[in-house]
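Take a look at the structure set out below.
The values are calculated or read from the model by the stated rules, or taken from the named source; none is laboratory data. Computed from a prediction, not measured in an experiment: that's the story for all the values here. So basically every Cβ, Gly included, is an ideal-geometry build from the backbone, and we count neighbours across all protein chains shown.
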Amino acid sequence: MSSMREIKNRINATAKTSQITKAMNMVSASKLRKVDKQNRAFQPTRERIKQVLEDILSTYFEVSHPLLIPREIKRTGYILVTSDRGLAGPYNNNLLKTFKAHLAKNHVSNDEFIVGTIGFKGFSFCKRNQYPMINTESVNSRDEIEFIDFQVMSRAFIKDYLDHKVDKIVVFYNHYINTLTQTIATEELLPITSLVNKREKKVSEFLFEPSPQAVIDSLLPIYLENRLFGIILDAKTSEHAARMTAMKNATDNAEEVISKLNLYYNRARQNAITIELTDIIGGANAVN
């Protein structure tokens, strides 16, 4: 058994760790509420843009755009949304394992795909595995995420799609369900097939200036960026929820360790007292 001093030092060190994890849990809970509110407030904007596009496509059948037309898949573009930091439980690890398994199952060589990453964890993972990447530097997944953070990469992917350098773009991310549950999700960003399916629904005609085609040309890139921004907000919500849960578990584990260490400390202290009493009694008997 360790000495009383060693046990006491371990108790103090674990208590300090518990204080840190408890503070991180409270910070993550605050950030979770903030980003979840931002995510909910953003949804009506995205849905409104989607509704306008659906109204145009369901009314003007002659309107078309290259982003709406599926084609043979020769090369796939992936957007991998991770976090910049760890200490979030299995948040990054599960996503990266799933992504790696997907690549191994669906692609024979690295020439068949290209990856764009959001978050340092995904960037370092792709660098380590020598995957072809569209971004040469890490795109930070900061808490106060904005369009400008990923706009360069999203526009580069759109340009590659229009230039037929990639034929499909898929996003891998963690979808937020609740504070205890986050699931790995995939969403096909390009081609935009969800809007094309709405053409079966005929609506009343609208007047557009300068033309329906011009509106489609302007709104489709905005719609794509809005979808990606919504996905990133969803992933960021999942990140804070995963970190909050991980820090809560770490705090509970630390308190359990402290409880056991206190038990060991009391036993060691009792043994030391017993030995001292035995020595005293033995000395007294020897004098007598």
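General observations
- Which listed residue, of Arg46, Arg33, is in a helix (DSSP H, G or I), modelled with pLDDT under 90 and within 28 Å of the chain's Cα centre (by Cα): Arg46
- Answer from Arg40, Arg46 - the residue that is among the basic types (Lys, Arg), free of Cβ contacts under 8 Å to residues at least 60 places away in the same chain and more than 16 Å from Asp143 (Cβ to Cβ): Arg40
- Residue within region 190-208 that is at pLDDT below 90, over 18 Å from Val139 (Cα atoms), under 22 Å from the mean Cα position of the chain (by Cα) and not in a helix (DSSP H, G or I) present: yes
- Residue, farthest from His107 (Cα to Cα), within region 147-189, restricted to residues that are of a type in the set (Phe, Trp, Tyr) and within 23 Å of the chain's Cα centre (by Cα): Phe147
- Selection count where residues are within 28 Å of the chain's Cα centre (by Cα) and more than 25 Å from Pro132 (Cα to Cα), scope region 69-89: 3
- Within region 251-279, the residues that satisfy the criterion of being under 30 Å from Thr21 (Cβ atoms), without any contact (Cβ under 8 Å) to a residue 40 or more places away in the chain and polar (S, T, N, Q) are Asn253, Ser259, Asn266.
- Test: residue in region 112-122 that is within 23 Å of Asp160 (Cα to Cα), of a type in the set (Ser, Thr, Tyr) and exposed (fewer than 12 other Cβ atoms within 10 Å of the Cβ): no
- The residue pairs whose first member lies in region 123-147 and is modelled with pLDDT of 85 or more, whose second member is of a type in the set (A, V, I, L, M, F, W, C) and in a loop (DSSP other than H, G, I, E, B), and whose beta carbons are closer than 7 Å, counting only pairs six or more residues apart or on different chains, do not exist in this structure.
- Some residue of region 151-160 being surrounded by 15 or more Cβ atoms within 10 Å (Cβ to Cβ) and of a type in the set (Phe, Trp, Tyr): yes
- Going through (1) within 30 Å of Ala242 (Cα to Cα); (2) outside any helix (DSSP H, G or I) one by one, Phe61 falls short only on (1).
- Scanning region 51-84 for residues that are more than 22 Å from Leu189 (Cα to Cα) and surrounded by 13 or more Cβ atoms within 10 Å (Cβ to Cβ) turns up Thr59, Tyr60, Asp84.
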